[in-house]
Amino acid sequence: MAQLNLGAVQNDTGDHTGAAALLTESAATFAALGEPGSEAFALALLAQSQAGLAHWDEATATGRRALELARRVEHAQATGLALLALGLTAAATGDPESADGLFREALTFPLGLPEQARIRDYLVGA
């Protein structure tokens, strides 16, 4: 859990490389422990790290895996974070229509204020 939290902080401060390393390890640990909700949460944050590094294919694949796991175990916050990551990737790769839908759906889940602000900034500027 400490790795996940530190990875989240590193994402928030722009250290996506450091965040990705911690979140990759965190997701693997949660998978080994049989904790799919926590794994989904770590993967959703990892997808955001990958998006921050402009690793679009990786971010999309990781985001989809996070979303699938989060929905399966009904982890609302991880679902919202995965949708955010997928929205960031869609926006950056030239699919504003998909990004808009993903961001709007993400806002229906419990997200922190920074995540909500990022989405609202995009929707206002789009």
Region 55-126, relative contact order [Cα under 8 Å, separation at least 6], %: 28 percent
For volume of the Cα convex hull per residue in Å³, the choices are [x] 101; [y] 87; [z] 130; which was calculated from the structure? [y]
Helix-only mean residue ellipticity at 222 nm, the chain, DSSP H runs n ≥ 4 weighted -39,500 (n - 2.57), per residue, nearest 500. What is it? -27000 deg cm²/dmol
Taking the Kirkwood radius as the inverse of the mean 1/r across Cα pairs, report the Rg/Rh of region 63-111. 0.98
Heavy-atom surface of region 31-126, accessible at 1.4 Å and reported per residue (Å²): 49 Å²
Size of electric dipole in the chain: Cβ of Lys, Arg +1 and of Asp, Glu -1, about Cα centre, debye, nearest 20: 160 debye
Which whole-number percent gives the relative contact order of region 10-89, counting Cα pairs below 8 Å spaced six or more residues apart? 30 percent
In whole percent, and with a 1.4 Å probe on the protein chains, what portion of the accessible area of region 23-85 is carbon and sulfur? 51 percent
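The values are calculated or read from the model by the stated rules, or taken from the named source; none is laboratory data. Everything numeric here is computed off the predicted structure, so don't read it as measured data. Backbone-built Cβ (ideal geometry, glycine too); neighbour counts: all protein chains shown. Only protein heavy atoms, including side chains, enter the accessible area calculation; ligands, DNA and RNA are left aside. Shrake-Rupley method; radii C 1.70, N 1.55, O 1.52, S 1.80 Å.
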